[in-house]
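S.K.: My questions all concern the structure below.
The values are calculated or read from the model by the stated rules, or taken from the named source; none is laboratory data. Keep in mind the model is a prediction, meaning the values are calculated, not measured. For neighbour counting, all protein chains shown are included, and Cβ atoms are generated from backbone atoms with ideal geometry for every residue, glycine included.
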Amino acid sequence: MSPRLTDPEQLKELLGIPFTPEQTACITAPPAPQVIVAGAGSGKTTVMAARVVWLVGTGQVAPEQVLGLTFTNKAAGELAERVRRALIAAGVTDPDVIDPDNPPGEPTISTYHAFAGRLLTEHGLRIGLEPTTRLLADATRYQLAAKVLREAPGPYPALTRSFPTLVSDLLALDGELSEHLVRPGALDTYDTELLSALEHARLSNADLRKIPETAEARRSLLGLTERYRAAKRSRDLLDFGDQIALSAELALTRPEVGKILREEFRVVLLDEYQDTSVAQRLLLSALFGAGTESGEGSHTPTGHAVTAVGDPCQAIYGWRGASVANLDDFPEHFPHADGAPATRYSLSENRRSGGRLLQLANGLAEPLRAMHEGVEALRPAPGAERDGMVRCALLTTHTEEIDWLADSLAHLVRTGTPPGEIAVLCRTAGDFPEIQAALVARDIPVEVVGLAGLLHLPEVADLVAVCEVLQDPGANASLVRLLTGPRWRIGPRDLALLGRRARLLVHRAGHADDADADQRLADAVEGTDPAEVISLADALDTFLVVGDAADDGLPFSAEARVRFARLARELRDLRRSLADPLMDVLHRVLATTGLEVELSASPQALAARRRETLANFLDTAARFASLDGEATLLAFLGFLRTAAQYEKGLDNALPGGENTVKVLTAHKSKGLEWDVVAVPGLVTGQFPSDRAREAWTAQAQVLPHALRGDAETLPALDTHDGLDAKGIKAFKAEMKEHQHTEELRLGYVTFTRPRSLLLGSGHWWGPSQKRTRGPSAFLDALYEHCAAGHGEIEAWADEPAEDEENPALAERDADLAWPLPLDADALARRRAARDTVLAHLERLAVHGDEEAPAYGPGPDDVPADEALFDEALFEEEPFDEEPVDEDWDWDALPTERPPGAPDTAPGTAPDTAPGTAQHTAPDTVPDTAPDTAPPPSPHIPAARQPEEEPAARHPQEDQADQAARPPREDPAERLTPEEARTLASWDRDLDSLAGELRRARATVREVLVPAALSATQLLRLAEDPDAFARELARPMPRPPQPAARRGTRFHAWVESRYEELPLPMLGPDELPGGDGSDAEIADERDLAELKEAFERTAYARRTPYRVETPFQITLAGRVIRGRIDAVYRTGDRYEIVDWKTTRHRTADPLQLAVYRLAWAELHDLPPEEVTATFLYVRSGETVQPRGLPGRAELERILLDEPAPEDG
């Protein structure tokens, strides 16, 4: 193509960017192999986009001959947009002159994994890969791994970890084998030889004894991994690791593939190259670098124009397979055609942060610069040498530190700093709950970013802990969290006794009776083999045994016995539903524990934030379940365990666009920037962390270093001569030093995120530590930086005295409210209600039927004040002979209230319980005369209200009854509390049986309308109340609908086109395509035609404001939940769009009415400013119903009220 650019100055003028000499050299370099070591904030993305413009504008390459690769969809989209805008700004492409038959070429920008997927799609047959192979989503990976574990023949005595942990371990080992192109046979041979070498070795310490145990476990895990791989192959499935490994195999063994790609892409850009794995490096080098081996075993360099950009000081993903050596060795892996190493460039001028901030970062990174070639110290932009501020503080306690942090951020927000320009970066997510609570208490909008962050918030942690206990009886740590939490409040003494009972149950020889209670508890909670573990859950179940016949005499407190029994019964009931769909299990746990209700009842702002947190977590679970219709709790827990283990950015969640303070881990902050960054927790052992990286000598899921492709950069252990105490000690020291280097890189990334202000803080006393912590090396560096005049030391507490105790430990004895403390008035009301209920239950247990309550526990649909039996029935003369059962007419037995029981006024029928729907049983025959009026039609009011008190009896009648009855002994004197409770339980059973019999005979059945409805259920209610009542009364399972699943895939495909919010799913009715509207998608071909039809609509060329967004509103006292397909924004007006894939125009406008009202109220808009549209995808037709009902009309549907008369 003809050149349009001839001079770098011309490029600067066209793009409006004053490039530095360093940047200009990188941009205008000839099309040859080169690596750019780009420091933090040095404008690497701008340089890559400008290099494409230069090469295209000077006629050296066409736009479509450029390939750009990066790691995330967000980064790929940003780079593609930068390149597109730069080409337009430089006049290389003209957006206004587009020939539809011959559109202008554009660069190909994608992720590394997407490129590997494309490679296999186009060339996979060359290595025998079928075109029908599909990519596994995360949910399906965990589900399939769990299935393999369940079906494995076993036994596996070396695998002593819990089941969910084994799921994540299996996937981790499979991933490491793929990332380093290690075949299972090679690993098996290595561990076999290692075990042979250890047979005669003297294993003198625990670290040495752990090596053979780990090798045996890794061999067992390897066998499971091979079964998992076989399961993938049998289903034609691949995961991301397989994609990269097979792509590398293709590139290394089929030279013709590299030749085809080099002809297609004349220029290749590789972003964040320091984060690539060994397999990715081999793939790219074989295609565009050193090439494949020739017949003589040597490589023929291609000299292709590859530009790699990265920073070894920001290589923080080594824990997930990244190899920083790829960047260091790029010149050798991608040489020139003559074999000379590739050229190395550097970018060191930082245009993000002020000079004072850069001076701090340079000091921390000095050891890193010495380790890597081409890394220079960062320089500030001209004029910014004295910009930037650092403030540090060392407080006495952890609580004081969080308060200082929150007060500082609140002051910044009040003085004009937008909350969206502030971030709190933590080493781990452990402090997230306290930080969120402190900011909410100061009215600062806050957002916790990422799944790992959510898992540390108390409401989610409690939910996950219950699920862990349900799934795994050996999940002692999770059960201890529940028992010691503010809901059950079990003290150390009773907890230690529970641990002792658990040990006695398995008849294991334990410590002596006088052993320390803390040690006994630690032994009981230790995570070992679930088949042998001392299970606290089993000990908890003993409190359900009637009479506790096998009591071991342990002196549990009375209150603990009651709480243990209640929790055990609760867990037993929940375990019955473990086979249900994942979302059903989670919602049942929430309903049983009352967590969601408690948070909804609290008026506090923090409760609202925690409700949002809970909703976000449930969205994550729904996305997991939506990708595999058979997702189980076990697979989901394995997924969560991996996320918790790698709380460093494993999940792809990114901060939202809302104007909120972002709270996230330091690992997730890479590539982001804010005006203000706060870094709490700069204390010894925490940041930098002193925890060593997972070692292959102790973790079965870790690949031995000798087999890794980057073995030269990792600590080595000589398995022949170094397997002694001295060798293992040296290895551990090297591992610790390696971890220190990783922490230095993470600290460098963290302290280069702020543009103008860095806040750093620490404390002496942690929240639960008996020993002091003190400032870490990072906080000491901040102190020295501020003391040198480059910042401010706002507080610096002296070290506590040696005999001083942690004040936080004394506060731990105080009562805690669950899940949140209430204000004084609300607390008084709750306690008054509690006292009333307890007094009523005590009267019921002591006096039985003598004081029948107006409201009491009973079966559904049975009035609580209805006396089922009268004592006169049991005072008749006994039978002289045994009754003959077969002569009894059971159906003729009375089920109505016996004479003498309180009843409604004569001549009136009891009212239908409000909040219920009446369902007429079609197969019953009414007991009334033929001329009796038919039963009323189903009635569905809004909410249940308490019934009126029954008419009081006259005192004289009571006195007469008492006189007629013989004097009886006071029940309280002859019944123990346990016996009274037993009798009360019998009474409840009799009530339930009688109520069930009466309901079975009823011609009209009262059906309680749920407190929460999906939008689809509301539509069914409005369309046919009778059918909806029958569905509630007798729900039937729905047959599998492959067409509906294809509908779900269509909605997911539409959502994926825009890279907006992740797909949030709620329940079966809210699944995209799960409400029956998409059931007309016939097959895969029909689905493909639907996608093509959507591409022809006008909406395909518009970018939605929101996609697949959930909502929740309250109508007539009931919660209505749903999901809006898409929202488009034009100025200040919004348009709700619902995709319809049906062949007929049968959509109900009521659906759009609910969506419109929800969106309007959630965003404080009048409904008139929100339009609503049905898009019939097949025909491209759009329908905008007029006169959509508002809130009042929708509530009348739920209240079953007639519409108001006109006039």
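S.K.: Inspect region 261-280 for any residue being crowded, with 22+ Cβ neighbours inside 10 Å, touching a Lys or Arg at 6+ places or on another chain (Cβ under 8 Å) and more than 30 Å from Gly59 (Cβ to Cβ) and give the result as yes or no.
M.R.: For region 261-280, residues crowded, with 22+ Cβ neighbours inside 10 Å, touching a Lys or Arg at 6+ places or on another chain (Cβ under 8 Å) and more than 30 Å from Gly59 (Cβ to Cβ): present.
S.K.: Can you confirm whether region 251-262 contains a residue that is outside any helix (DSSP H, G or I), farther than 22 Å from Trp54 by Cβ and either out of contact with any Pro (no Cβ under 8 Å at 6 or more places or on another chain) or of a type in the set (Val, Ile, Thr) (or both)?
M.R.: Yes, region 251-262 contains at least one residue that is outside any helix (DSSP H, G or I), farther than 22 Å from Trp54 by Cβ and either out of contact with any Pro (no Cβ under 8 Å at 6 or more places or on another chain) or of a type in the set (Val, Ile, Thr) (or both).
S.K.: From the list Ala438, Ala406, Ala393, Ala423, which one is of a type in the set (A, V, I, L, M, F, W, C), assigned to a strand (DSSP E or B) and under 30 Å from the mean Cα position of the chain (by Cα)?
M.R.: Ala423
S.K.: Moving on. Just give me the residues in region 714-770 being of a type in the set (Phe, Trp, Tyr) and without any contact (Cβ under 8 Å) to a residue 40 or more places away in the chain, in sequence order.
M.R.: Within region 714-770, just Phe731 meets the criteria.
S.K.: I've got another one for you. Considering only residues that are loosely packed, with under 14 Cβ neighbours inside 10 Å and farther than 23 Å from Trp1053 by Cβ, look in region 1116-1144 and name the one that is modelled with the highest pLDDT.
M.R.: If we take residues in region 1116-1144 being loosely packed, with under 14 Cβ neighbours inside 10 Å and farther than 23 Å from Trp1053 by Cβ, then Arg1133 is modelled with the highest pLDDT.
S.K.: Test Lys770 against the stated conditions and say whether it is under 23 Å from Arg202 (Cβ atoms) and out of contact with any Asp or Glu (no Cβ under 6 Å at 6 or more places or on another chain).
M.R.: In short, no.
S.K.: Take region 714-731 and flag every residue that is within 26 Å of Ser178 (Cα to Cα) and surrounded by fewer than 16 Cβ atoms within 10 Å (Cβ to Cβ).
M.R.: Ala716, Asp718
S.K.: Here are some residues: Ala76, Ala40, Ala49, Ala32. Which one is assigned to a helix (DSSP H, G or I), among the hydrophobic types (A, V, I, L, M, F, W, C) and at pLDDT 85 or above?
M.R.: Answer to the check: Ala49.
S.K.: Follow-up. Could you please tell me which pairs satisfy a Cβ distance under 6 Å, a separation of 6+ or placement on different chains, a first residue in region 1-16 that is under 17 Å from Val61 (Cα atoms) and polar (S, T, N, Q), and a second residue that is at pLDDT 85 or above and not in a helix (DSSP H, G or I)?
M.R.: Pairs found: Ser2/Gly59.
S.K.: Moving to a separate point now. Could you tell me whether region 1161-1175 includes any residue that is crowded, with 20+ Cβ neighbours inside 10 Å, farther than 27 Å from Ala1012 by Cβ and either of a type in the set (Phe, Trp, Tyr) or out of contact with any Pro (no Cβ under 7 Å at 6 or more places or on another chain) (or both)?
M.R.: Among the residues of region 1161-1175, at least one is crowded, with 20+ Cβ neighbours inside 10 Å, farther than 27 Å from Ala1012 by Cβ and either of a type in the set (Phe, Trp, Tyr) or out of contact with any Pro (no Cβ under 7 Å at 6 or more places or on another chain) (or both), which makes the answer yes.
S.K.: Cβ-Cβ under 8 Å, sequence separation 6+ or interchain: first residue in region 659-677 and touching a residue at least 40 places away in the same chain (Cβ under 8 Å), partner part of a strand (DSSP E or B) and aromatic (Phe, Trp, Tyr). Which pairs?
M.R.: From region 659-677, the pairs are Lys662/Trp674.
Results for (1) surrounded by fewer than 21 Cβ atoms within 10 Å (Cβ to Cβ); (2) touching a helix residue (DSSP H, G or I) at 6+ places or on another chain (Cβ under 9 Å); (3) over 24 Å from Ile422 (Cα atoms), shown as yes or no for each residue.
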| site | (1), (2), (3) |
| --- | --- |
| Ser761 | no, yes, no |
| Pro767 | yes, yes, yes |
| Glu794 | yes, yes, no |
| Pro800 | yes, no, yes |
| Asp803 | yes, no, yes |
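S.K.: Condition (residue is part of a loop (DSSP other than H, G, I, E, B) and over 37 Å from the mean Cα position of the chain (by Cα)) applied to region 218-239: is it met by at least one residue?
M.R.: For region 218-239, residues part of a loop (DSSP other than H, G, I, E, B) and over 37 Å from the mean Cα position of the chain (by Cα): absent.
S.K.: If you don't mind, another one. List pairs: first in region 273-291 and part of a loop (DSSP other than H, G, I, E, B), second of a type in the set (S, T, N, Q), Cβ under 9 Å, 6+ apart or cross-chain?
M.R.: Thr276/Ser323; Thr276/Asn326; Gly289/Thr302; Ala290/Thr300; Ala290/Thr302; Gly291/Ser285; Gly291/Thr300; Gly291/Thr302
S.K.: Let me ask something additional. Test of understanding: among Gly789, Gly760, which residue is in a strand (DSSP E or B) and either under 28 Å from Val663 (Cα atoms) or not aromatic (Phe, Trp, Tyr) (or both)?
M.R.: Only one candidate qualifies: Gly760.
S.K.: Looking at Arg1101, Arg999, can you tell me which residue is on the phi < 0 side of the Ramachandran plot, surrounded by fewer than 16 Cβ atoms within 10 Å (Cβ to Cβ) and modelled with pLDDT under 75?
M.R.: None of the others qualify; the one that does is Arg1101.
S.K.: Can you find even one residue in region 338-350 that is within 33 Å of the chain's Cα centre (by Cα), over 17 Å from Val679 (Cβ atoms) and either part of a helix (DSSP H, G or I) or of a type outside the set (Phe, Trp, Tyr) (or both)?
M.R.: So far as region 338-350 goes, no, none of its residues is within 33 Å of the chain's Cα centre (by Cα), over 17 Å from Val679 (Cβ atoms) and either part of a helix (DSSP H, G or I) or of a type outside the set (Phe, Trp, Tyr) (or both).
S.K.: May I pose another question? Kindly list, by first and then second residue, each pair from a residue in region 407-425 that is in contact (Cβ under 8 Å) with a residue 40 or more places away in the chain and assigned by TED's automatic domain parsing to the domain that holds Gly762 to a residue that is small (Gly, Ala, Ser) and buried (at least 18 other Cβ atoms within 10 Å of the Cβ), limited to pairs with Cβ atoms under 6 Å and residues at least 6 apart or on different chains.
M.R.: Val424/Ala678; Leu425/Ala666; Leu425/Ser669
S.K.: Go through region 172-191 and count every residue that is touching a residue at least 60 places away in the same chain (Cβ under 8 Å) and within 32 Å of the chain's Cα centre (by Cα).
M.R.: Within region 172-191, residues that are touching a residue at least 60 places away in the same chain (Cβ under 8 Å) and within 32 Å of the chain's Cα centre (by Cα) number 11.
S.K.: Provide a single number: the residues in region 249-297 that are over 37 Å from the mean Cα position of the chain (by Cα), modelled with pLDDT of 90 or more and of a type in the set (Val, Ile, Thr).
M.R.: The qualifying residues number 4.
S.K.: Within region 144-158, how many residues turn out to be in contact with a strand residue (DSSP E or B) (Cβ under 8 Å, 6 or more places away or on another chain) and in a loop (DSSP other than H, G, I, E, B)?
M.R.: 0
S.K.: Please list, ordered by first then second residue, the pairs with beta carbon atoms under 8 Å, 6 or more apart or interchain, first in region 31-54 and at positive phi, second of a type in the set (A, V, I, L, M).
M.R.: Cβ pairs passing all conditions: Gly41/Leu378; Gly43/Leu347.
S.K.: Cβ contacts < 6 Å: first residue in contact (Cβ under 8 Å) with a residue 60 or more places away in the chain, restricted to region 192-214; second residue surrounded by 11 or more Cβ atoms within 10 Å (Cβ to Cβ) and part of a helix (DSSP H, G or I), any location; separation 6+ or different chain. Result?
M.R.: Hits for this filter: Leu194/Ala215; Leu198/Pro212; Ser204/Ala725; Asn205/Ala725; Asp207/Ile728; Leu208/Ile728.
S.K.: Given the residues Glu1161, Glu1193, which is the only one that is assigned by TED's automatic domain parsing to the domain that holds Ala1098 and farther than 19 Å from Arg1020 by Cα?
M.R.: Exactly one residue qualifies, and that residue is Glu1161.
S.K.: If you don't mind, there's one more thing I want to ask. Considering region 658-694 alone, what residues qualify as being modelled with pLDDT under 85, of a type outside the set (D, E, K, R) and more than 27 Å from Ala38 (Cα to Cα)?
M.R.: Hits for region 658-694 are Asn659, Ala692.
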